[in-house]
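Undergrad: Below is the structure I would like to discuss, written out as C-alpha cells.
Each reported figure results from applying straightforward, stated rules to the coordinates on display, with no laboratory input. Quantities reported herein were computed from a predicted structural model and do not represent experimental measurements. Glycine also receives a Cβ, built like all others from the backbone with ideal geometry; neighbour counts cover every protein chain displayed.
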Amino acid sequence: MAEKKILVADDDPHIRRLIAELLMAEGFKVLMAEDGEEALAICRDEHPDLMILDIIMPKMDGMEVCRRLRDETAAPIVFLTAKDDITDLVSGLAIGGDDYITKPFKGAELIARIKAALRRADMVRDSTEKEEYVSIGGLEIDRKRREISLDGQPVDLTQTEFDLLWLLASHRGTVYSRKDIVKALWGYEDPGISRTIDTHVARLRKKIERESSSPEFIKTVTGVGYKFF
C-alpha cells in the first residue's frame, strides 16, 4: 500500500511538531504548513491524502482553506481548534470538513480519528470502483435496484438493513467496529446508535441467513465488530 501523505497546518510550531511525530510514528508521510496560504499551495502541489487544518491561522484561516480545497479534492479534512464553540465546528463540517479535534487533544484520539477518516475515504472510493451487484453463496444483492434475494427468493429489508448489508458485502473480509458502521451509514458518531448495531445485525441475520444461529454470511469478530465472510 502506498504511503499516505498528511498535511498538518498550524501556526504553532510546537503543535505542528507534536502532530508530525505522532503521524510519522504510524508510518505516515507528513507535510507541514504554518499558515493558510502555505497550506493551500502545498495541497495543490502535493495532493495529500488528508489535511489537518487549524481553524485560526495567519493569512488565511482553516475554514477558507477548506472552502477552496473542496472545489479541487475530496480528500478528508480534519479541523483543529482550541475553541469550544459548537457554532464554529458545525460551520466547518457544513462547508466540507470531515471531522474535528479540539485542543488540547490526546495523541491516541488524534491518531484514531485520522485513521477513521482515511478508512472512510477508502470505503467511498472502493464503493465507486466496485460493481453495483454482489453475488455470494446464493445471496444476490442489487444496489441500484435495492433488491435482495436468497436462493432465488426475494428478501424484504428495511433501508438501514440494506445499507448495512451492502457496506459489509461490498467490502468482503473487512472488519467493521460498531462505531465504524455508525459513521459509514449515518455520517457521524453516536454512542446511542452504536448500541443498536447488534440489534440491526440480528434482524438482518434472521432475513438472510439460512440458520441465524449459525451465520454463513455475517460473522462476528469477538471484541471488534462484524465482517462479511
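Undergrad: With no solvent and one point on each alpha carbon, what is the Debye value of log10 I(q)/I(0) for the stretch 131-228 at q = 0.20, 0.21, 0.23 Å⁻¹?
TA: The Cα Debye sum returns log10 ratios of -1.00, -1.11, -1.33.
Undergrad: Name the longest site-free stretch of the chain, where the excluded sites are trypsin sites (Lys or Arg not before Pro) in a DSSP loop with no more than 10 other beta-carbon atoms within 10 Å. Mind showing how you got there, number by number?
TA: Details: sites that count: K106, K144, R145.
Longest run free of exposed loop sites: 1-105.
Undergrad: Can you compute the modelled spin-label distance between T158 and I111, with each label point 7 Å from Cα toward Cβ, in nm?
TA: That separation, rounded to one decimal, is 3.7 nm.
Undergrad: Counting GluC sites (Glu not before Pro) as exposed when in a DSSP loop with at most 16 other beta carbons within 10 Å, what is the longest stretch of the chain free of them?
TA: With GluC sites (Glu not before Pro) excluded where exposed in loops, the chain gives 73-130 as its longest stretch.
Undergrad: Could you tell me the calculated FRET efficiency between T199 and V175, based on Cβ-Cβ distance and R0 = 22 angstrom, to the nearest 0.05?
TA: 0.70
Undergrad: For E26 and H47 in one chain, what is 0.36 nm times their gap in residues minus the Cα-Cα distance, to one decimal in nm?
TA: The span from E26 to H47 would gain 5.6 nm if fully extended.
Undergrad: Return the single residue from P104, P48, P76 with maximal mean-square fluctuation; model: Gaussian network over the chain, springs between Cα atoms under 10 Å.
TA: Fluctuation is largest for P104.
Undergrad: To continue, here is another question. If you split all Cα-Cα distances of the chain into 10 Å bins from zero, what percentages do you get per bin, shortest first?
TA: The calculated distribution, bin by bin, is 7, 30, 29, 20, 12, 3, 0.
Undergrad: Then there is this: Sum -39500 (n - 2.57) across every DSSP H segment of at least 4 residues in the chain, then divide by the residue count to get the 222 nm mean residue ellipticity, nearest 500.
TA: -13500 deg cm²/dmol
Undergrad: Run the simple label-point estimate for D142 and K59 please: 7 Å along Cα→C-beta, distance reported in nm.
TA: 5.5
Undergrad: When the scattering of the stretch 5-126 is computed by the Debye formula from its Cα atoms alone, each counted once and equally, what is log10 I(q)/I(0) at q = 0.15, 0.17, 0.21 Å⁻¹?
TA: Calculated log10 I(q)/I(0) at the listed q: -0.59, -0.77, -1.26.
Undergrad: Starting from the 7 Å offset along Cα-to-Cβ, what nm value, one decimal, do you get for the label separation of R119 and K219?
TA: 1.7
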